[in-house]
Structures are given as structure tokens and as C-alpha cells.
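Take a look at the structure set out below.
The values are calculated or read from the model by the stated rules, or taken from the named source; none is laboratory data. Nothing here was measured: the structure is a model prediction, and the numbers come from that model. Note: ideal-geometry Cβ built from the backbone for every residue, glycine included; neighbour counts use all protein chains shown.
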Amino acid sequence: MKITNVRIDGSNNVSGILAMSGARGNATLTNVTITDSAEGHVLVEPGSQFVFDGSANTGP
């Protein structure tokens, strides 16, 4: 999966991008900006086998 040219701002529930426990697969992040997330910008929960390649630009 590719996640490209996305801006996520003010995620109040958990994080900007979340891989829940038990998730499998991968995603490449390109030109992704995440700001003002409640619990972090990119979160991989324990037990998840999901892998993120690339990185997200993060703000406060």
C-alpha cells in the first residue's frame, strides 16, 4: 500500500496513522504530514506485524 500526499491534522481519537494489534502488511509513506495527534503520529500497537516504510513529517 502507498500513502502519498496526505495531511492529517488534529486526530483526537488516537494517532494520525494506527496499525492495530494483529494488523499485517506494509505501507510506504511519501509526502505525509501529521500534526496535533492525541497519542503520537504513527503508532504500531504491540502484536502488530505491520511495517511502515518512509516517514511522516510531523509537527507539534
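Computed quantities for the displayed model
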| quantity | calculated |
| --- | --- |
| Condition met for G47 (of a type outside the set (A, V, I, L, M), more than 12 Å from the chain's Cα centre (by Cα) and at positive phi) | yes |
| Search result, residues across region 40-60 that are in a loop (DSSP other than H, G, I, E, B) and within 13 Å of I8 (Cβ to Cβ) | H41, G59 |
| Selection within region 23-32 - modelled with pLDDT under 95 and either outside any strand (DSSP E or B) or surrounded by 16 or more Cβ atoms within 10 Å (Cβ to Cβ) (or both) | L29, V32 |
| Qualifying residues in region 33-60 (those that are surrounded by 12 or more Cβ atoms within 10 Å (Cβ to Cβ) and of a type in the set (A, V, I, L, M)) - the one nearest to T4 (Cα to Cα) | A56 |
| Of residues in region 1-22 being assigned to a loop (DSSP other than H, G, I, E, B) and either in contact with a Lys or Arg (Cβ under 6 Å, 6 or more places away or on another chain) or aliphatic (A, V, I, L, M) (or both), the one farthest from G54 (Cα to Cα) | V14 |
| Enumeration of residues in region 3-22 that are of a type outside the set (A, V, I, L, M) and surrounded by 11 or more Cβ atoms within 10 Å (Cβ to Cβ) | R7, D9, S11, S15, G16, S21 |
